1. Distance in nm between label sites at D54 and Q106, each 7 Å beyond Cα in the beta-carbon direction?
2. Compute the FRET efficiency between M89 and S35 as 1/(1 + (r/R0)^6), taking r as their Cβ-Cβ distance and R0 = 22 Å, and round to the nearest 0.05.
3. In straight Cα distance, which lysines are under 16 Å from K86, not counting same-chain residues fewer than 8 positions off?
4. Mind checking which aspartates and glutamates have their C-alpha under 14 Å from K9, skipping anything on the same chain fewer than 8 residues away?
5. Report, in deg cm²/dmol and to the nearest 500, the calculated mean residue ellipticity at 222 nm for the chain, where each DSSP H run with n ≥ 4 adds -39500 (n - 2.57) and the sum is divided by the residue count.
6. If r is the Cβ-Cβ distance from Y25 to R82 and R0 is 25 Å, what FRET efficiency results, to the nearest 0.05?
7. Take peptides 91-98, 72-79 and line them up by average Cβ neighbours within 10 Å, highest first, as a rough protection proxy.
Amino acid sequence: MGTVTNISKAGYSVGQLVHHRLFDYRGVIVDVDPSFQGTEAWYETVARSRPPKDKPWYHVLVHDALHTTYVAERNLEPDTSRDPIKHPMLRHFFSRFENGRYVRDQRSN
């Protein structure tokens, strides 16, 4: 039950375009974790600004890159350009780009 409450507090959502405040890249959110879900070793090595672990973290496809990133909410802001993202994995997550955001069609199992 706590997870649902935390997710509703996420400031961003799947398909939303974002900009990383510290590293100045654009991307699109493909998944949201209500709190940090990585390893302690990863956090100590990569999360140098020590963002809070008890706030939402986001899986992001990086524009004009081949990789994804895992980013704390406090390091993101909305991307106001509304321009599409270029990433080879986009088709795996979204079916189209509409009104400045990516959309997934619901698929039945």
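1. Reported label-point gap for D54 and Q106 is 3.5 nm.
2. Working: r = 24 Å, r/R0 = 1.10.
The calculated FRET efficiency here is 0.35.
3. Hits, sequence-local ones excluded: zero.
4. Hits, sequence-local ones excluded: D33, D54, E73.
5. Details: 3 runs with 18 residues, N = 109.
Calculated from helices alone, the mean residue ellipticity at 222 nm is -3500 deg cm²/dmol.
6. Details: r = 16 Å, r/R0 = 0.65.
After rounding to 0.05, the efficiency reads 0.95.
7. Working: 91-98: 13.0, 72-79: 17.0.
Taking the mean over residues of other Cβ atoms within 10 Å, the ranking is 72-79, 91-98.
Every read-out reported here was derived from the displayed coordinates using simple, explicitly stated rules and does not represent laboratory data. In this text the structure is predicted, and so the values were computed from the model without any measurement. Note that we place each Cβ from the backbone using ideal geometry, even for glycine, and neighbour counts take in every protein chain shown.
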